[in-house]
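Contents: one structure, followed by commentary.
Computed from the coordinates by the stated procedures, all read-outs in this text should not be read as laboratory data. Here the structure is a predicted model, which means the values were calculated and not measured. Virtual Cβ from ideal backbone geometry, glycine too; neighbours counted across all protein chains shown.
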Amino acid sequence: MTTKQKILNEAMTLFAERGYSAVCVGEIAEAVGIKAPSLYKHFKSKQDIFNAILDEMRSNYDKQAAALNINGNKAEGDAPVFALVSEDVLVQMGIELFRFFLHDDYASKFRKMLTIEQFHNSELSMLYSKQYVDDPLVYQSTIFAYISASGGFINADPNIMALHFYAPIYMMLTMCDRQPEREKEALQLIEEHIKQFRAVYSKDGQT
């Protein structure tokens, strides 16, 4: 592992434990086992470290999405994929994405950091909402609108459909953040949730 990668890993761990604002560059350097001047050879500032962590997290997500044969960010391109998948495939995709966000080191620690910082830093509070509320709901409502228009789902408000689909899954994610031992329970609930969602909104009322 390179020194640059060690800096990112240690910084993300400290941010997740104490929040972004409470950690200084010197503490990150100490955790890596180097002096602060050496750290500045790799990153210009703490903000620069934060930006690199964000890039790394997005890169990891893009790889996970690609493994599921979707883009993960561009709903217009992914909508036809979701419109055609079977229930079993949809459940598997949902579970794989849930496991990624729960277990990927960067995704997990980044979420914990934002959970701490949302009450102290207005900029990170806005990022929290964008990352875990606004963007997912826009992405999913676009997909559900497409499926409804193509005849796969009943004619319902896609924004409400997105809420119905996403909110329980995110609730299970935050539950597992607090209580990791409940992951098996969460996965079972998510599977049943996705199946019931399909049953409720499927145009023929069948899964």
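For F153, nonlocal amide neighbours, meaning residues 5 or more places apart or on other chains whose placed amide H falls under 5 Å from its own, are S148, K203.
Which entries of K4/K46; K35/K112; K4/K35; K44/K109 show an alpha-carbon separation above 19 angstrom in the structure shown?
On the way: K4/K46 13 Å; K35/K112 27 Å; K4/K35 13 Å; K44/K109 22 Å.
Flagged as over cut-off: K35/K112; K44/K109.
Nothing charged except the Cβ atoms of Lys and Arg (+1) and of Asp and Glu (-1): what's the magnitude of the dipole of the range 1-142 about its Cα centre? Round to the nearest 20 debye. Let's see the in-between values first.
Numbers: 15 positive and 19 negative charges, 123 e Å.
Here the size comes out at about 600 debye.
Karplus-derived 3J(HN,Hα) values for the range 110-126, using 6.51 cos²θ - 1.76 cosθ + 1.60 with θ = phi - 60°, are 5, 5, 5, 4, 5, 4, 6, 7, 4, 9, 10, 10, 5, 5, 6, 4, 5 Hz; glycine and proline are entered as x.
Quote the relative contact order of the chain in percent (integer), defining contacts as alpha-carbon pairs under 8 Å separated by 6+ residues.
Values: 191 pairs, mean separation 42.1, N = 207.
Reported relative contact order: 20 percent.
Between 0 and 90 degrees, rounded to the nearest ten: what's the tilt of helix 158-178 against the longest Cα principal axis of the chain? Helix 158-178 sits roughly 40 degrees off the main axis of the chain. With the largest listed first and rounded to whole Å, the semi-axes of the equivalent ellipsoid of the chain from the Cα gyration tensor are 37, 16, 15. Counting only alpha carbon atoms, the long axis of helix 135-149 and the longest principal axis of the chain meet at about 20°. Determine the distance separating the Cα centre of the range 144-185 from the Cα centre of the range 64-122; give it in Å without decimals. Cα centroid of the range 144-185 versus Cα centroid of the range 64-122: 11 Å apart. Helix 75-84 and the longest principal axis of the C-alpha atoms of the chain enclose an angle of approximately 50°.
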